[in-house]
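The values are calculated or read from the model by the stated rules, or taken from the named source; none is laboratory data. Note that the structure is a prediction, hence the values are computed from the model and not measured. Here the Cβ positions follow ideal geometry from the backbone for every residue, glycine too, while neighbour counts run over all protein chains shown.
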Amino acid sequence: MATKQGWQGRVFEDFEVGDIYEHPLGRTVTQADNIWFTLLTVNTNPIHFDAAYAARTEFKRPLVDSTFTLALVTGLSVSDVSMNAVNLGWDEVKLPAPVFEGDTLYARSEVLEARPSRSRPAMGIVKLRTTGFNQDGVTVIEFQRAILVYRRGHTPERFRPTT
């Protein structure tokens, strides 16, 4: 039986301005996700983990921690845009609608800019706009992200187990 190589991700030369990647996976947010992430990050706002408190707000139920939403939607994009990259940062993060426990999030990214790195010739810089939306198609987060992506032939060698 032949061993076949799996998806290894895009390299700098694969990105073109205007390309849009519809990320294939969705992820349903659970109560445990929200509580654990909120407590792990020491976010003491009770709107995230105190259902009785949240019930008295305009939302009537707990809100998902917005930094979890940022992390999750970024993660949904990794297989398409940053498997061979280092994150340089996020800009213009906007949260136009709330996320609730039980929502399923999806994402798409658009390439805004791509240029060779001046300081690292084996890499390039790609700027993207990523949009996260829920199961009803409502945009819940939008941000720009810059990544430092390896050029073709320069990605680190991946571990390959011997048989």
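What to note about this one:
- Positions within segment 130-163 being small (G, A, S), under 24 Å from W7 (Cβ atoms) and out of contact with any helix residue (DSSP H, G or I) (no Cβ under 6 Å at 6 or more places or on another chain), in sequence order: A146, G153
- Among (1) of a type in the set (S, T, Y); (2) within 15 Å of F15 (Cα to Cα); (3) part of a loop (DSSP other than H, G, I, E, B) - the single one T162 does not satisfy: (2)
- Among residues that are among the small types (G, A, S), closer than 25 Å to N34 by Cα and touching a strand residue (DSSP E or B) at 6+ places or on another chain (Cβ under 6 Å), S66 is not included.
- Residue under evaluation Q135, criteria (1) surrounded by 18 or more Cβ atoms within 10 Å (Cβ to Cβ); (2) more than 17 Å from M83 (Cα to Cα), criterion not met: (1)
- In segment 56-89, residue farthest from T155 (Cα to Cα) [restricted to those that are of a type in the set (D, E) and buried (at least 20 other Cβ atoms within 10 Å of the Cβ)]: D65
- Consider segment 25-48 and keep the residues that are touching a Leu at 6+ places or on another chain (Cβ under 7 Å) and not β-branched (V, I, T). The one that is surrounded by the most Cβ atoms within 10 Å (Cβ to Cβ) is H48.
- Helices (runs of 4 or more DSSP H) contained entirely in segment 10-89, each with at least 2 residues that are farther than 27 Å from A146 by Cα and either among the β-branched types (V, I, T) or in contact (Cβ under 8 Å) with a residue 24 or more places away in the chain (or both): 31-40
- Pick from segment 1-24, criterion touching a Ser or Thr at 6+ places or on another chain (Cβ under 8 Å) and surrounded by 13 or more Cβ atoms within 10 Å (Cβ to Cβ), ranking: modelled with the lowest pLDDT: G9
- Among the residues of segment 90-128, those that are hydroxyl-bearing (S, T, Y) and either surrounded by 14 or more Cβ atoms within 10 Å (Cβ to Cβ) or not in a strand (DSSP E or B) (or both) comprise Y106, S109, S117, S119.
- When T44 is tested against the conditions (1) over 20 Å from V140 (Cα atoms); (2) touching a strand residue (DSSP E or B) at 6+ places or on another chain (Cβ under 9 Å); (3) of a type outside the set (D, E), the lone failure is (2).
- For R129, the criteria (1) over 13 Å from the mean Cα position of the chain (by Cα); (2) over 18 Å from V29 (Cα atoms); (3) basic (K, R) hold in every case but one, which is (1).
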